[in-house]
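Here's the structure we're looking at; comments come further down.
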Amino acid sequence: MNRIYLDNSSTSYPKPEVVIKAMNNYFYNNGSNLQRGESNYNFDAEDIIFNLREELCELVNYNDPSCVIFTQNVTSALNTVINGLFKSGDEILISQLEHNAVMRPLVERGIKYIPLSSDELGHIIPELIKEKLSDKTKACIIQVANNVNGCVQDINNIGKVLKAFNIPLILDSAQALGHIDLDMIKDNIDIICFTGHKGLLGPQGTGGFIAKKEIISKIKPLIFGGTGSFSDLLTQPDNLPDKFESGTQNIIGLIGLEAAIKYLKQNKAEIRNKEREIKKYFLSLIKDIKYFDIYSYSEEIPIVSIGSKYFDVAMLANYLASKNIQTRVGLHCNVMTHKYMSSYPEGTIRFSFSHYNTTDELDITVNVIKEFLNGKYLL
């Protein structure tokens, strides 16, 4: 059986052909560093990376490319922001469904986290945010779209409430950016932490954060070193983006991301429509399977998780893998969500789709699932 890839929330695959071509072109025909040479090759690479900053600004409606900071991934971006802004004893508002990329830095730093009141699916109730505020509240950090069940938070109304109390809004957009629109101005977002290799369709090892000018000046860098600028100083330069981008970056990855975002913008409507159609079709195939607990809380995010009291979901994932069908199983680095959904400690098997998936692939997948259930795998 040909490979069926249903793990796009871990990393999107395949990548668009233009991404591979852009990366190959850099490898074969350029290979130069950023801000560390005076040749046209250096300048060409720098132009592409600057264009990427502009593309990202356009994507989230912000107008200062110098405030786009590149890191290894969204986790390193969140660590930079959390460690650079907050200290032990501070209080941070969170959702009930936060990923370990937010929770572990908060716990490690001794920052108190305050879960906001939510409905039965985990949606924050904006009208009740005020109840959780104190004089120690420094910010609100939210995973926009949940990586287990696809729950999408009402960022616009949350942002309005927080702005009224002058509380910064920081977003983990790992599962959102690319699939849904975010607007830093209209939604009152102060910082968006992003990753390049999921909904943005770029390569692994790319990510960063976009921060408004008034808050980025308050963030202390996590990494210090050579930036290719102000080399006569032994202190870290304050100019942006150099302040946060010490050392040689993943230039080839960023060049791939630049091509990916152009592709995404040119094909956004088609991509999103296909993702939603594929997800809807999969749900139609599995909705009547009595052994399933199905977790899928939005149309926009192409994620469906399945739990069960009747079989071990890890066994189903392994059975699918034996048929060359790739999914993800377990707690998905998000124990808070599983406890909220009552799928802890067993976890779920997650199916996550892209516009490259086909209905034929899903027909095959569901037939393999039924084959598994018809075997001797029930508890």
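The values are calculated or read from the model by the stated rules, or taken from the named source; none is laboratory data. These figures come from a predicted structure and were not determined experimentally. Note: ideal-geometry Cβ built from the backbone for every residue, glycine included; neighbour counts use all protein chains shown. To get the accessible areas, we keep the full protein, side chains included, count just its heavy atoms, and leave off ligands, DNA and RNA. Shrake-Rupley method; radii C 1.70, N 1.55, O 1.52, S 1.80 Å.
Below, the figures for the structure above:
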{"quantity": "Read-out Cα extents along the principal axes in Å, derived from the coordinates shown; its label in [x] 70, 56, 33; [y] 84, 55, 47; [z] 66, 47, 43", "calculated": "[x]"}
{"quantity": "Spin-label model distance (nm) - Asn2 vs Asp360, 7 Å beyond Cα toward Cβ", "calculated": "0.6"}
{"quantity": "GNM result for the chain, Cα springs below 10 Å: residue of Asn25, Asn188, Asn156 fluctuating most strongly", "calculated": "Asn25"}
{"quantity": "Separation of the Phe165 and Glu120 label points, Cα + 7 Å toward Cβ, nm", "calculated": "2.7"}
{"quantity": "DSSP H segments from the chain that extend 20 Å or more along their own axis, Cα-based, with Kyte-Doolittle mean of -0.5 or above", "calculated": "40-60, 251-266, 359-374"}
{"quantity": "Max mean-square fluctuation residue, GNM over the chain, Cα-Cα springs under 10 Å, options Leu97, Leu171, Leu121", "calculated": "Leu121"}
{"quantity": "Accessible solvent surface per residue of the chain, calculated while the other protein chains remain in place, 1.4 angstrom probe, Å²", "calculated": "44"}
{"quantity": "About the Cα centre, charge dipole magnitude for segment 225-363 (Lys/Arg +1, Asp/Glu -1 at Cβ), debye", "calculated": "440"}
{"quantity": "Antiparallel %, DSSP beta bridges [both residues in the chain], to 5", "calculated": "55"}
{"quantity": "Residues listed by number, segment 164-178, amide nitrogen under 18 Å from Glu214 label point at 7 Å toward C-beta", "calculated": "164-171"}
{"quantity": "Accessible-area composition of segment 51-120, carbon plus sulfur, in percent [1.4 Å probe]", "calculated": "41"}
{"quantity": "Sorted peptide list for 123-136, 253-266, 142-155, criterion being average Cβ within 10 angstrom, highest first", "calculated": "142-155, 253-266, 123-136"}
{"quantity": "The chain, dipole about Cα centre (Lys/Arg Cβ +1, Asp/Glu Cβ -1), debye to the nearest 20", "calculated": "780"}
{"quantity": "Gaussian network model of the chain, springs between alpha carbon atoms under 10 Å - residue of Ala101, Ala164, Ala314 with greatest fluctuation", "calculated": "Ala164"}
{"quantity": "Efficiency of FRET from Cβ geometry, Asn100 and Glu300, R₀ 25 Å, rounded to 0.05", "calculated": "0.60"}
{"quantity": "Carbon/sulfur fraction of accessible area - segment 220-357, other protein chains in place, 1.4 Å, %", "calculated": "52"}
{"quantity": "Check: segment 281-379 dipole with +1 on Lys, Arg Cβ and -1 on Asp, Glu Cβ, in debye", "calculated": "340"}
{"quantity": "Over 32 Å (Cα to Cα) - which of Lys132/Lys265; Lys290/Lys323; Lys87/Lys212; Lys112/Lys309; Lys132/Lys220; Lys279/Lys309 fall in this group", "calculated": "Lys132/Lys265; Lys112/Lys309"}
